[in-house]
Amino acid sequence: MTACGNKQAQSAEAPAADSIQVDSVAQEEEETTYFPAIHRYLVDSISVQYAEADIHVPLPTVVAVDESNGEDIKVWGEFWVMNYNQVGDTLKMVSGGSHAGLMHIRQTEKGYTVTGFEQVGDGSLFVKTAKKIFGDKYDAFMAVYSDHEKRNRHHEDLLSEYVRKHGLSVTMYQDNGQDAKPLNR
């Protein structure tokens, strides 16, 4: 896990009702893919582990999927969530991080729900747990994980899509320690 502005993850408190705002992905009518479930999980379960912000943006990168069992769809990937405050026309990063691993997702009558998440360990546990969780998909994961330029472009595309989808009056974003950059429009 790569983190910025991480709260103490041991806190078992549920997030305050007002802490999840624009970004909470409600389950609406029938979902046709598992991405809304991944987004809900990242926003509702992962983003609350970090310093609070106004906007929580899920940024998943899927490495592989096994849809052979609707009761346990397996999605391997690098799952980022970034928390921003809007200042004028700029989203300024407050906190966030990467949570690589395997999400278990169940198909329901209305859509999908995440039922479990096996996360890659930090530090000295990273390689061992990544190899165990990703198995024969480890090389594909490492190709995604280690290509910072491609990841940054992907994140910018997803962030731009998020801004459009939510009708935010934003033209720039600024991650920690970086100059503000224009969003893809």
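Taking the Cα centre of segment 29-182 as origin, work out the dipole magnitude from +1 charges on Lys and Arg Cβ and -1 charges on Asp and Glu Cβ, in debye rounded to 20.
With only Lys, Arg, Asp and Glu charged at Cβ, the dipole is about 300 debye.
Shape verdict for segment 29-182, please, from the Cα gyration tensor: rounded (a/c under 1.5), prolate (a/b greater than b/c) or oblate. Present the calculation step by step, with values, prior to reporting the outcome.
Details: a/c = 1.99, a/b = 1.33, b/c = 1.50.
Judged from the Cα gyration tensor, segment 29-182 comes out oblate (a/c at least 1.5, b/c at or above a/b).
As I understand it, the dipole of segment 29-182 uses +1 on the Cβ of Lys and Arg and -1 on the Cβ of Asp and Glu, about the Cα centre. Which of Pro182, Ser124, Val163 lies farthest toward its positive end?
Ser124
Provide the net charge surrounding Glu118, with neighbours chosen by a C-beta distance below 10 Å and charges set as Lys +1, Arg +1, Asp -1, Glu -1.
Value of the local net charge: +2.
Every read-out reported here was derived from the displayed coordinates using simple, explicitly stated rules and does not represent laboratory data. Keep in mind that this is a model prediction, so the values were computed, not measured. Every residue, glycine as well, gets a Cβ built from its backbone with ideal geometry; the counts of neighbours run over all protein chains shown.
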